[in-house]
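Q: Structure provided below as C-alpha cells; questions to follow.
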2 protein chains.
Amino acid sequence: MIFRRFLSSSTLPPSIRQLLSTHTPSDPTAPVRVNGWVRSVRRQKRVAFAHITDGSSHQGLQAVFTNVDLAKGLTNGASVSLSGTLLESPGAGQDKELVVQAVDVIGECEPLEYPIQKQTLTTEYLRDHCHLRARTSSVAAMLRLRDNTMRTLHEYFQAQDFCYTNTPILTSNDCEGAGETFHVSHPDQTASTSSNAVTTSPREFFGRPAYLTVSSQLHLEALATSLARVYTISPCFRAERSQTSRHLSEFWMLEAEWAFTHVVDDVCQFVEGMVKHALRQDSNDLSVLSRDIGEHRQRSLEKAKGGDTWMRLTYTDAISELEKAQATTRQFEFTPSWGKALRSEHERWIAEHLADGPVFVTDYPASLKPFYMRLNSDGKTVACFDLLVPHLGELVGGSLREERLGLLEEALEKQQLSKADYGWYLDIRKYGGAPHGGFGLGFERLVSWMSGIDNVRECIPMPRWAGRMLL
Amino acid sequence: MIFRRFLSSSTLPPSIRQLLSTHTPSDPTAPVRVNGWVRSVRRQKRVAFAHITDGSSHQGLQAVFTNVDLAKGLTNGASVSLSGTLLESPGAGQDKELVVQAVDVIGECEPLEYPIQKQTLTTEYLRDHCHLRARTSSVAAMLRLRDNTMRTLHEYFQAQDFCYTNTPILTSNDCEGAGETFHVSHPDQTASTSSNAVTTSPREFFGRPAYLTVSSQLHLEALATSLARVYTISPCFRAERSQTSRHLSEFWMLEAEWAFTHVVDDVCQFVEGMVKHALRQDSNDLSVLSRDIGEHRQRSLEKAKGGDTWMRLTYTDAISELEKAQATTRQFEFTPSWGKALRSEHERWIAEHLADGPVFVTDYPASLKPFYMRLNSDGKTVACFDLLVPHLGELVGGSLREERLGLLEEALEKQQLSKADYGWYLDIRKYGGAPHGGFGLGFERLVSWMSGIDNVRECIPMPRWAGRMLL
C-alpha cells in the first residue's frame, strides 16, 4: 500500500491578469504557459494574432504566431494551452504579448455551431443562452464587477467593525412579503396534499409552513441586539409578476443593522459613505462597462461620487415640490398628494430634476411604511428614508426601527398583525433593547446603476423572473 | 423648504474592540463614550464593576464605578451608554478599563424575566430561544468566527485570482438531490392545486417546477468555462430527515470550480492549502471556543495545521486496510468491501486510526458517485476525493469533472438521466470545453471541526432541520 504525500504549498499557476501585472522574469526568454479561450483570430500572410482570455481581466492576452501554421487549428471559443515567450509588444493596445512556440487545442469549438458568434448578439438571445453568455466580454466584465463591488462593500463594513452574518433563507414569516412570498414544501408532503393542506398539514417538513425570505431585516435585528453591528449579503425572493428592468424573483440584497443609532440622518450618512465607496472602487471592468452610457449619465455618476453631500429632503417637502411642479406643468400622470405613495415618475423627477443626483427622501407617512419603522414625534410620519438615484429610482431603503415596546405593539395592531407571531421580535425590545436602524440595498440595482447596464437581468449570472428560470 | 446637507465622512464611533486596540489619546483623561450590554455586575462596598460587551470581541470592557450609586440601575442584559475615562487597569485580565462618570440605561432588562440567565443554559434551551442566544458569549464567539473564517477563505481565493459569483438558489434541476429536494411554489398556484398539479401545472410561477438548490456545482461549471476560476459561498438545502450532528436542512456551502486542472491530487492540494489557511487564521474567538475540547483534539488540530502534507490514499487501498483491520478485530458493524460505500464507522477509523489526521480518500468506484465525475483509465473508478477529518468525517468532497462529451453522455445514460435535461451541461463540453475540477465544503462542518462545537446546529445563527424552524 502506498501513502502518497505531496508538497502542500498549494497554488495554481498565475492567471493571465497576474502574469501581465507581475511578470518580470530574470530571463525574459524563459518560456511561459498560458491557458484560456480564443476570443478572436486574425491571420495575415507571415503572422497570425489571437486574442486569448481566461476571464481574469477584460484585457486578455495577445498571442502572436510568427509561424502561421501554429494558428491553423484555432477557432473562436476553443480552449487552448499555449507556450511561448512573454515579450514587450511593439503594437498598440497592450504592453506585452505572447510569442507562441507551441499550441495545444484542448477543447475544440466548431465555428459554425458555436452559439456565441462574434457579431453582436441580442440581449434576448443571450438570456436564452444563459449557460454560455458569460463567454461574452460584457457579461464576464459584469461578473468581475459584482465580485469587486462585493469586496469593496465588505471592506467598508469591516472598517467599521461590522460582523458579516448569514440569516435564514427559509422562514416562517410570510407577512412582509404579503402575496409575493414563495412557499417551500417537500415532495413527500405535496404528493398527498389536498387543496387546503398547504397551510395546515401536519406533514409540513418543518412542522409549520415555510417561506423563502423576502428580507433579512427582522433576523438581523435579533443579531444586532447582541453583536451591535451586523450585515449580510443574501439571496431574497419575491414572487413579483411585474416585468420591469428593476425586478427579479431572486436577487441579492445587502442588509445591515446596527444598535445605538438615534437619528435617521446618521443612517443616511452611513449609506452615502458606503455607496460612494463602491462607486469609487478601482475597477477596469466598471470603466469598460460604463464607457457607452453617454456623457450625461457619466457626468451624473462622476458628480455622485464626489465630495458633495447628497441631498436630503423630507417626504413632506418632496410632495410640496411635486405639487408646485404639477401646478405649473401638469407633467405627472398621477397627482402627487400627501399620504399617497411616490410613483416611479415622481421618484425620477425628484432624483433627475430636483436633486440632479442621488437624494434621500425621509420621513414618509407611517401608513405607507411597514410596522417596524420608528414613529416620529409628530405621530404621523416615521424615521425612514428611500435613496433615489437618477435613471433607476429606489436603490436603498432604510429606517430607524421602533425600539419602544408599547409603540411597536400598537403598530402591529394597526396593521392587523398578530402579536403572537411576533413574540420573538417583541422580546428583542423587552430585554435590553436599544435604538437601532438599518437599511437594505438591492445589489443588482447597484450594479445596474453604476455600470449603466440597463436591466437587472443582465446584472446577475442566471436571472429568474416570472415565467423564466433556465438551468 | 429646507434641503438639509451634512458632512458625508460617514463613520460610526469606534466599537469596544477598536477602542481598546487603538485608543491612544493625547489627553488620557479625555472622556470616551461606550455603548453596549451589561454581561455581569459585581458590587463591592466602595466600588462596583460591570462587564460590558457590544459584541465586537470576546473580551468586552471592564467598567469601574468608584461611585457605586452609578451602578445601581444596572442589570444583566440591559443596554447602556457609559461615559468616562479609559485608563490603564490595575487589575488582572485587562489592559484598560473604563472609569465611569455617567451612566444612561437605554433599555432595561428585568432580571427575573430575562431568558438568558447567568447560569449555564442547556444547548436545547438556547435552541428554543434562538432569537436571544446570540447574547451568550459562546454563540457570539461562533458568529464572529464564521465572519473571520469567511474572510480568510475569501483571501485564499482572491490570492489565486478566483472570481466570487452567485449561482441561483432556485433551479429547475432536482436530479442531484433526488428525494431530498425542496419544491418552491407560489400561493396562487398551490391554492388551486390538485394532487398531481405540482409537476405539470401551467400555473407554475416560472413555467416549470422550481426547486431549492442542493449544490451550486453545475452552475459553477458553466461559469468556470468563461472565467476559468470561480467560487461561491451559498445557501444549500436538503430535505434530510436524519437527525445527526452534521446535517442541517439549510446550510452554507463553499464551492469552487476551475478549468485547466488535470489530476485530482492538484485539487486535493488546493483544498489542503485552503483548509490550513482557515485553521491558521488569527482569531481570538477560535482560541476561546477550542479551549475546552480536550488535549487530544487540540493536538490533532495543531498537527493538522502544521507543515506536513495530509495523507492521500485510494478508496481501493482504504478498503484493503479496513479489511485487514476487520479480519483481526471484527470491530466494524458493516463489513468493508470493494464497491460498497464507506460507512461512518469506516470513515472515522480511517481518519482517526489509520491517518491520525485529515486524509484524502481518492478514486472511488464510479457506481458510488454522481454521473459528472471523471472516469479513470481503469474504466471503473472516478478521479474524486473525500476529505475525512477526525471526529467529524467528511468535510470536503471533490473531483475532476468529466469533460469528454462521449463519456459524459454514457454516464448520463448509465444513471438513467435524461440527455435533454442536461443539454446545457453537455454544451459546456461541446464548445471549447476544458479539463476542470472542483469541490464543495460544508461551511458549518468546518466551523464545527475547527472550534470543537459539537453540533452544526450551533454553528449557524438560526438553524433549520426536519421539524424545526424558529423565527
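Q: Would you mind finding the one in B:Asp363, B:Asp421 that is modelled with pLDDT under 95 and in the same structural domain as B:Ser451 (by TED's automatic domain parsing)?
A: Being modelled with pLDDT under 95 and in the same structural domain as B:Ser451 (by TED's automatic domain parsing) holds for just one of B:Asp363, B:Asp421, which is B:Asp421.
Q: Here are some residues: A:Thr165, A:Thr171. Which one is facing chain B (nearest Cβ under 7 Å), over 19 Å from B:Leu153 (Cα atoms) and in contact (Cβ under 8 Å) with a residue 40 or more places away in the chain?
A: Values: A:Thr165 fails: over 19 Å from B:Leu153 (Cα atoms).
Of A:Thr165, A:Thr171, the one residue that is facing chain B (nearest Cβ under 7 Å), over 19 Å from B:Leu153 (Cα atoms) and in contact (Cβ under 8 Å) with a residue 40 or more places away in the chain is A:Thr171.
Q: Among (1) charged (D, E, K, R); (2) within 25 Å of the chain's Cα centre (by Cα); (3) crowded, with 16+ Cβ neighbours inside 10 Å, where does A:Asp356 come up short?
A: (3)
Q: Output the residue which, of all residues in the stretch B:197-214 that are hydroxyl-bearing (Ser, Thr, Tyr) and at pLDDT below 95, is nearest to B:Glu255 (Cα to Cα).
A: Applying the filter and picking the extreme gives B:Thr199.
Q: Please go through the stretch B:35-89 and give me each residue that is in a loop (DSSP other than H, G, I, E, B), among the β-branched types (Val, Ile, Thr) and more than 9 Å from chain A (Cβ to nearest Cβ), ordered by number.
A: B:Val47, B:Thr66
Residues are listed down the side, and each one gets a yes or a no for (1) surrounded by fewer than 13 Cβ atoms within 10 Å (Cβ to Cβ); (2) not in a helix (DSSP H, G or I); (3) not hydroxyl-bearing (Ser, Thr, Tyr):
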| site | (1), (2), (3) |
| --- | --- |
| B:Asp285 | no, no, yes |
| B:Leu289 | no, no, yes |
| B:Arg297 | no, no, yes |
| B:Glu302 | yes, no, yes |
| B:Asp308 | yes, yes, yes |
| B:Arg312 | no, yes, yes |
| B:Glu321 | no, no, yes |
| B:Ala325 | no, no, yes |
| B:Gly339 | yes, yes, yes |
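Q: Any idea which residue in the stretch B:112-152 is farthest from B:Gln243 (Cα to Cα), counting only those that are more than 9 Å from chain A (Cβ to nearest Cβ) and part of a loop (DSSP other than H, G, I, E, B)?
A: Of everything passing the filter in the stretch B:112-152, B:Leu112 is farthest from B:Gln243 (Cα to Cα).
Q: Of all residues in the stretch B:23-62, which are out of contact with any helix residue (DSSP H, G or I) (no Cβ under 8 Å at 6 or more places or on another chain) and buried (at least 21 other Cβ atoms within 10 Å of the Cβ)?
A: Listed by number, the residues that qualify are B:Asn35, B:Val38.
Q: So, one more: Out of all the residues in the stretch B:162-172, which are buried (at least 20 other Cβ atoms within 10 Å of the Cβ) and either of a type in the set (S, T, N, Q) or modelled with pLDDT under 90 (or both)?
A: B:Thr165, B:Asn166, B:Thr167, B:Thr171
Q: So, one more: Can A:Glu410 be described as more than 19 Å from A:His262 (Cα to Cα), at pLDDT 95 or above, surrounded by fewer than 24 Cβ atoms within 10 Å (Cβ to Cβ) and touching a strand residue (DSSP E or B) at 6+ places or on another chain (Cβ under 9 Å)?
A: Taking the combined requirement at face value, the residue satisfies it.
Q: Give the residue that is farthest from A:Glu302 (Cα to Cα), with candidates limited to residues of the stretch A:383-417 that are assigned to a strand (DSSP E or B) and hydrophobic (A, V, I, L, M, F, W, C). Spell out the reasoning first.
A: Of the residues in the stretch A:383-417, the ones assigned to a strand (DSSP E or B) are A:384-389, A:393-401.
Retained after the next criterion (residues that are hydrophobic (A, V, I, L, M, F, W, C)): A:384-385, A:387-389, A:395-396, A:400.
On the way: A:Cys384: 27, A:Phe385: 23, A:Leu387: 17, A:Leu388: 16, A:Val389: 13, A:Leu395: 17, A:Val396: 19, A:Leu400: 30 Å.
Restricting to residues being assigned to a strand (DSSP E or B) and hydrophobic (A, V, I, L, M, F, W, C), the top hit is A:Leu400.
Q: Which of the residues spanning the stretch B:247-285 are within 21 Å of B:Val359 (Cα to Cα), touching a Lys or Arg at 6+ places or on another chain (Cβ under 6 Å) and more than 10 Å from chain A (Cβ to nearest Cβ)?
A: Passing the criteria: B:Leu279, B:Arg280.
Q: Report, by residue number, each residue of the stretch B:222-280 that is hydroxyl-bearing (Ser, Thr, Tyr) and at pLDDT below 95.
A: B:Ser242, B:Thr244, B:Ser245
Q: Restricting attention to the stretch B:74-83, and to residues there that are farther than 20 Å from A:His262 by Cβ and out of contact with any helix residue (DSSP H, G or I) (no Cβ under 8 Å at 6 or more places or on another chain), which single residue is surrounded by the fewest Cβ atoms within 10 Å (Cβ to Cβ)?
A: Per the criteria, the residue is B:Thr75.
Q: Of all residues in the stretch A:297-356 being under 30 Å from A:Ser287 (Cα atoms) and among the hydroxyl-bearing types (Ser, Thr, Tyr), which is nearest to the other protein chains (Cβ to nearest Cβ)?
A: By that ranking, first place goes to A:Thr309.
The values are calculated or read from the model by the stated rules, or taken from the named source; none is laboratory data. Predicted model only: the values in this text are computed from it and were never measured. Neighbour counts are summed over all protein chains in view; Cβ atoms, including those assigned to glycine, are modelled from backbone coordinates with ideal geometry.
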